[in-house]
Amino acid sequence: MSTLPLSQLCGVWRWKRLPSATTFPCSTFCSASSEPTDPIEIHKRKLFLWFSHLPREEKQFGGYFSPDTMHVDPLIVERKAAERVGLLGSPFRTRDLSSSSVTVEQLFEPADRSVGRGVNVLLYGAVGTGKSTVFRKLVLDWCRGTSLNHFKLLIPFSCEDLSQMTKAASLRDLVSRKYLHLRKHPILSGEGNQAEDVLFLFNGMEKINLDFRIGATELCSDPNEALPPTVVVVNLLRKYLLPEASILVTTRLSAVDRVPQRYVSRYAQICGFMDPDRQRAYFTKRLLQDTVGTSRKQEAEALIELLYLNLQRESQLAAACFLPSYCWLTCATLHCLHFTDAASPTRTLTSIYTSFLRLNFGGEVLGPGTGTTVPIQEHHSSLMLYVVRTLGKLAFDGVADKRTSFSEAELEQWVGGKTKTDEELRQLAMFRTDVLDFFLAPCVEHGKRLSEEPGGNEEKRYVFAVHGMQEYLAALYVVLGENKSVLEKLTKQVSVVIGQASEDVSALVNILSKFIPLRVFAVFNLLKLFPNLYEKFSRRNRSTIARTMVAEMFRSEDSYNEDVLDQMEQSLLGVHGPKPKQYSEGPPFELYPIFMGGLLHYGNRVLLQQLGCEIQSLTVSQITGVLRKYLVRELSKPQPPEELMDLLVLLYEFQNPRLTAEVLASIRSIRLTNIRMTALKCFILSSVLSCAPSSYLLEELNLSSCLLTQDLLQMLGPAFRHTRSLNLQFNNLGPESCIVLRDLLLDPNSSVRSLQLCDNPLQESGLLTLLEALPENQTLMHLSLMHTGLGDEGALELAQKLQHHPLQELNVAYNNIGDNAALALVDACREHPTIHTVHLYLNPLSVVGKQSLYVRGVAMSPSDRQVKVLASVTEGSDISENWHPILSVIRENASSWDRSRVTQQLKAFLRDLEWGRQQQPSFWKRLHFRRVEMGVRKTLQILEKDCPPPSA
């Protein structure tokens, strides 16, 4: 098969690829035993291969997709010429649009075509509605023969490519330049009516400057006459060149009127996903395609159901997801939050948002508006940079003032600004038409549906389409230095110019006059005498950025909010059940500092540079250096679990192993109690701790009550190797989890000294697996197996494994261990050289058994070892010195334990206390027994009332 050189192939297409684009297996074209000789068949095969390439961002969903399984058609509405630029109003008003909805194929029905004259269709829509996706899907369907079969030849062009061409070329030269195999095809000769079987596709007309004035664009009907590409396109649309051919043009809203109405046969507007059913179909195909046949399918189905419920409520998410691009962002975020695993490529929240903007605004420039004759390619103002300077300022001021909604007057003030020139007004009009609605959506007030219009006295307010976008743009605005003072910005410009200027004073004055009035020239001329002046401004600004990140990260009013990953999930899935209490005065902006850290990562800076937003490496280095100092200082204070989790997310977003290792050096314990650990959080914790040197050890890693499972435990393996004390209490660890824990204890690099597994359903089978590691492990000193289902068999097995292990304390309370197994275990502990304490309370021990255990634990001679046996609140006829810790443990855990079982044990404690009190001749000792009895009875009353017990 003959193909174009790779360098030529890469330069042919520069499509703006929307994330919902699809691909299809090419077996239809590649499985033939012989190469096709028909130029049109060669054309179909090559088009299919070219248009099957997708952006690398799609790989995070598990590979490439096929259009049949992934594509969801957006709503396309045919418009009359008089209403071609009308707005849709509410994105949920679909009843009036359903009757006029069409497909692209219906726009080119043969019955609608005049004799000898093709159809010109203008397909337009706002940014993110799916124009390029429909364009790609149309080409692929024609190549497979499933659409537009009445056209023998389909020829797509990128208007961005045409705008870069400077040499004159005929229509046939343009076609052969892109498609060499069609160079001599007679269908484009212009003879007869052969061209009626041709469909030209022009994608992104806003990127090319078309002039339909006769005085500016000459007429041409010869396909072989060399003319500028814009003139060729104009004559095709005029139907002066190949009038029988049909044409499809896609463009943004602001460029609709660039083609005069008389040259357009039909107008069609892409409206995106205007109803929840289309959105649900998109989410289903995206989130389920990578989980078919896996254990994650059930979780994916549950996510889709929660999403659909949130969309049906016409929530703020539904206002954003009428744009397919935001459906992609939602799926990418949920895929990252729920389906991250160790084998997946590294993904951060910042990289998802950066990729999202690159997919929608990559290569986009803010060209001139309608009516200007300046070539578009001469305008190099990045559209994304314009977004940062307008909406980024709006987002930053909103974060600073703790606000998420804005009135129309405020939008006019922030976005419109003080425009003066006609060119600025044209750019502003284009921005308002094409881009503003992409980022801002009508505010959804509580209890009010989006389909309802505001009353006469109600002020319409707007919010960012997704809350995270406001924080991302605010962070980008700060990191790019757009929030600098006017003095700092001017000093930067002037210092650059002075460095390039000669010593000629007049030339220097002329250059400076472009930036500042001559009357203040004396102030800025100091830069010539003191070249380090700007550097001082620059360093101070970067120090401010670092201080801002730390201040936003560790704000006291946000300390009790849920961690930032849970906040993101709630914003997408909605809140089901009781709404969590909000402790901060306004909405939390905890993603803001995390995004600022993520934007400093090299990978994100490369993507931003493609968007025209450049972050200098020197800036990153200086911010990182200052940030390290502030982070280390703040981490000397104890942090709530939620704040600590957010810090781990920040370090993960940085993707800077050196900075992470230096910050971790100041952390000696990580307590994430009651944090709902997910696959992503476990991956983040392991990734962050993996940056530390092998000698780095945490004194404590507390993951109690974190809903851990076996799969999550497997992901946390690298983190466990950096831990001395590992607390895994109150999780969902079953017998299979003991395999992971056994391997951890057998790992020669493991340094775990204390392992707490209380209240996990390990059962005897799992515990027997765990105990296999004891003979070879030489580091574990404290093992807690309280309420794990150990049983008599497990206790006897444990007694046999203890002989050569350096264990010091063993907790097997509440494990259904009887007298014989308990006595055997205590005997083994007495013979053990290091064990000093055994916890056996809340087990079904008889009175005689408890007395025997106490006697076995007491040293009978100086040569015997004493082992403290905690079987009850009494020890023989005396009060146990550990009675208070035993009751505290019961009070803390009674809500999750079997109440009848605990009540039975407490009553047994009362009998033990009553018997012991009767044995005491001393009044003060009997009084002490009464005090302990009161504590037991109080705990018993709490259980009988069936109310949550107070914490110890």
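The values are calculated or read from the model by the stated rules, or taken from the named source; none is laboratory data. Keep in mind that this is a model prediction, so the values were computed, not measured. Please note: Cβ atoms are built from the backbone with ideal geometry, for glycine as well, and neighbour counts cover all protein chains shown. Side chains included, ligands, DNA and RNA excluded: accessible areas come from the protein's heavy atoms. Shrake-Rupley method; radii C 1.70, N 1.55, O 1.52, S 1.80 Å.
Quick notes
- Solvent-accessible area per residue for the range 276-347 (1.4 angstrom probe, square angstrom): 36 Å²
- FRET efficiency, 1/(1 + (r/R0)^6) with R0 25 Å, evaluated for GLU776 and LEU697 via beta carbons: 0.75
- Carbon plus sulfur fraction of accessible area for the range 882-946, probe 1.4 Å, in percent: 49 percent
- Taking the 1.4 Å solvent-accessible surface of the range 276-347 as the whole, the part contributed by carbon and sulfur is 54%.
- Calculated FRET value between GLN261 and ARG633, using beta carbons and R₀ = 56 Å, to 0.05: 0.30
- Carbon plus sulfur fraction of accessible area for the range 117-248, probe 1.4 Å, in percent: 46 percent
- Modelled label positions at ALA216 and ASN193, each set 7 Å beyond Cα in the direction of Cβ, lie 3.5 nm from each other.
- For the range 684-784, the fraction of alpha-carbon pairs in successive 5 Å shells from zero, as %: 3, 14, 25, 29, 20, 8, 2, 0
- Among 206-216, 787-797, the peptide with the highest mean count of other Cβ atoms within 10 Å heads the list, and the full ranking is 787-797, 206-216.
- Amide hydrogen proximity for GLY818: with H placed 1.01 Å from N in the peptide plane, the residues at 5 or more positions away or on another chain lying under 5 Å are ASP792.
- Among 318-329, 901-912, 642-653, sorting by the average number of other beta carbon atoms lying within 10 angstrom of each residue, highest first, gives 318-329, 642-653, 901-912.
- Distance histogram in 10 Å bins (all Cα pairs of the range 633-711, percent per bin): 18, 55, 26, 1
- Relative contact order (percent, whole number), the range 276-347, Cα cutoff 8 Å, 6+ residue spacing: 35 percent
- Under the simplified labelling scheme, the SER407-GLN866 pair shows an inter-label distance of 7.8 nm, with each label point 7 Å from Cα along Cα→Cβ.
- With 22 Å as the limit, the listed pairs LYS207/LYS285; LYS178/LYS207; LYS46/LYS184; LYS131/LYS207; LYS44/LYS239; LYS80/LYS137 have LYS207/LYS285; LYS44/LYS239; LYS80/LYS137 beyond it between alpha carbons.
- When you restrict to C-alpha pairs under 8 Å that are six or more residues apart and normalise by the size of the range 882-946, the relative contact order lands at 42 percent.
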